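No lab work stands behind these numbers, since they all come straight from the coordinates. Owing to the predicted nature of the structure, the values given are computational and were not obtained by experimental measurement. So basically every Cβ, Gly included, is an ideal-geometry build from the backbone, and we count neighbours across all protein chains shown.
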Amino acid sequence: MSLVKGLYNPEKNNMRLLSTVITEKLKTPCGVLMGANVANEVAEGAFCETTIAFQDENHGEVFKKLLQTPDFRVNVIKDAKNAELCGALKNIVAFAAGICDGVYGEKTNTKAAIIRLGLCEIMHFADTFFPGGSRETYLESCGVADLITSCFGGRNRKVGEAFAACETKTLDDLTKELLAGQQLQGAGTAEEVNTFLAQKGKEKEYPLFTAVHQICKRSIPPKALIDALRNHPEHTDK
Ligand SMILES: NC(=O)C1=CN([C@@H]2O[C@H](COP(=O)(O)OP(=O)(O)OC[C@H]3O[C@@H](n4cnc5c(N)ncnc54)[C@H](O)[C@@H]3O)[C@@H](O)[C@H]2O)C=CC1
Ligand SMILES: O=C(CO)COP(=O)(O)O
């Protein structure tokens, strides 16, 4: 079972799920555990939920028996594709939430819009490139709950805020300064997703994902995030 919230796109135009790569390499079925599970809080024993997703739910039930405690509640689902995509792509949205904090301070309406538009882009990405998943997955811990916790806590938000507030520092500087040897996933995932979308000619359908990548590269300023969202397809195509 993989807990990695990332994607795999070495060929640039062939985005793959890490659980699929692990399944192929190890020749054994690999599912995922994804959820609103900021590690420090899990370690402290604070109550939370998680989602275990396996195509064969019996495998998920085995992991549930091993891992569930009174304060770590596990739901088992079959939709491993959407669960994993939620876990990976929410890191881009959390970085955007951090940019919002860095540029505007704690504006909760603005951050809520970023979370909603980010979720729309996650769903559109999943429907387009990994069809067949279930809408119900977005209501599990791996969906909206992980988006919420990551956009208010979490490393991606933290580094995103500092990156937006201090335009002279690089992402590497801030990662070293703020994460005590840990790594940042959102900026790398934004780059991988952007490379993939550019190959497919679909960047315009994902203004939030695209803007986060451009901001990470310092090719547009952090405040341009909101400009990018003003003409979001969610507003113009409906
Ligand atoms: N820390 C948290 O709150 C949570 C983390 N996760 C996920 O768990 C995974 C690991 O996170 P942490 O342990 O917190 O991060 P970390 O930054 O403490 O550790 C990441 C490790 O992965 C290694 N690594 C990075 N890229 C690699 C590559 N291409 N090949 C091989 N090794 C590589 C790094 O050298 C490092 O040792 C991430 O995908 C993260 O999104 C999931 C839920 C919660
Ligand atoms: O995935 C996480 C919480 O569920 C952790 O998010 P960060 O990597 O942003 O800390």
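Observations on the model:
- Contact order for the chain, expressed relative to its length and based on alpha carbon pairs under 8 Å spaced 6+ residues apart, stands at 22 percent.
- Reported to the nearest whole Å, the Cα centre-to-centre distance from region 50-97 to region 188-238 is 27.
- Phe63 paired with Leu3, simple spin-label distance in nm, labels 7 Å along Cα-to-beta-carbon: 1.1
- Inter-site label distance for Ala198 and Asp227 at 7 Å from Cα along Cβ, in nm: 1.9
- Taken about its Cα centre, region 7-236 carries a charge dipole of about 380 debye when Lys and Arg each add +1 at the Cβ and Asp and Glu each add -1 at the Cβ.
- Residue pairs exceeding 27 angstrom between C-alpha atoms, taken from Lys90/Lys217; Lys27/Lys204; Lys27/Lys217; Lys12/Lys64; Lys64/Lys176: Lys27/Lys204; Lys27/Lys217; Lys12/Lys64; Lys64/Lys176.
- Exposure proxy ranking, count of Cβ atoms within 10 Å, fewest first, for Cys142, Cys100, Cys166, Cys151: Cys166, Cys151, Cys100, Cys142
- Area projected by the alpha carbon convex hull of region 82-125, averaged over all directions, nm²: 2.8
- Cβ-based exposure ranking for Thr51, Thr149, Thr137, Thr170, in which fewest neighbours within 10 Å come first: Thr170, Thr149, Thr137, Thr51
- Taking 17 Å as the straight-line reach from the Cα of Lys81, the aspartates and glutamates in range (excluding those fewer than 8 positions away in the same chain) are Glu24, Asp56, Glu57, Glu121, Asp127, Glu136, Glu140, Asp146.
- Comparing Asn231, Gly160, Gln199 along the charge dipole axis of region 7-236, the residue lying farthest to the positive side is Gln199, per the Cβ-charge model.
- Anisotropy class of region 149-199 from Cα gyration tensor, a/c 1.5 cut: prolate
- Viscosity 0.692 mPa s, temperature 37 °C, Stokes-Einstein D of the chain from Kirkwood C-alpha radius, µm²/s: 182
- GluC sites (Glu not before Pro) restricted to DSSP loop in region 154-187 with at most 15 other C-beta within 10 Å: Glu167
- Report summary: the helix-based calculation at 222 nm, which adds -39500 (n - 2.57) for every DSSP H run with n ≥ 4 and divides by the residues of the chain, gives -17500 deg cm²/dmol.
- Reach of Lys158 by Cα under 12 Å, taken over aspartates and glutamates that are not fewer than 8 positions away in the same chain: Asp101, Glu177
- Spin-label model, Ala43/Asn13: points 7 Å from Cα along the beta carbon direction are separated by 4.4 nm.
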